[in-house]
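See structure below.
The values are calculated or read from the model by the stated rules, or taken from the named source; none is laboratory data. As the structure is a prediction and not an experimental result, all values here were calculated from the model. Neighbour counts run over all protein chains shown; Cβ positions are idealised from the backbone, glycine included. Keep in mind that these areas ignore ligands, DNA and RNA; they rest on the heavy atoms of the full protein, side chains included. Shrake-Rupley method; radii C 1.70, N 1.55, O 1.52, S 1.80 Å.
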Amino acid sequence: MDPEKLTISVPEAGRVYFGLCRNSAYAAAERGDIPTIKIGRLLRVPVKALEQMLENPRKTEAA
């Protein structure tokens, strides 16, 4: 991954950061698990927001 990129695609974010396939990455983005911004019809992941989210993970309750 190019360190100068400000945004990456949803499938790339899912694969690089979480080891997800394309469909799982889009499903995670739909749930809000991967932060996204929409530019026209294009859905992108801001790298800084994703890395901040990973540095400060929210606590989830066990089911």
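The helix-based estimate of mean residue ellipticity at 222 nm for the chain, built from -39,500 (n - 2.57) per DSSP H run of four or more residues and divided by its residue count, is -9500 deg cm²/dmol to the nearest 500.
Between the Cα long axis of helix 22-31 and the first principal axis of the chain there is an angle of about 60°, rounded to the nearest 10.
The overall shape of segment 1-61 is rounded: from the C-alpha gyration tensor, with semi-axes ordered a ≥ b ≥ c, the ratio a/c is less than 1.5. Summed over the residues of the chain and divided among them, the accessible surface reaches 78 Å² per residue at a probe radius of 1.4 Å. Its Cα centre serving as origin, the chain has a Cβ charge dipole (Lys and Arg +1, Asp and Glu -1) of approximately 220 debye. Expressed as a whole percent, the accessible area of the chain that falls on carbon and sulfur atoms is 51 (1.4 Å probe).
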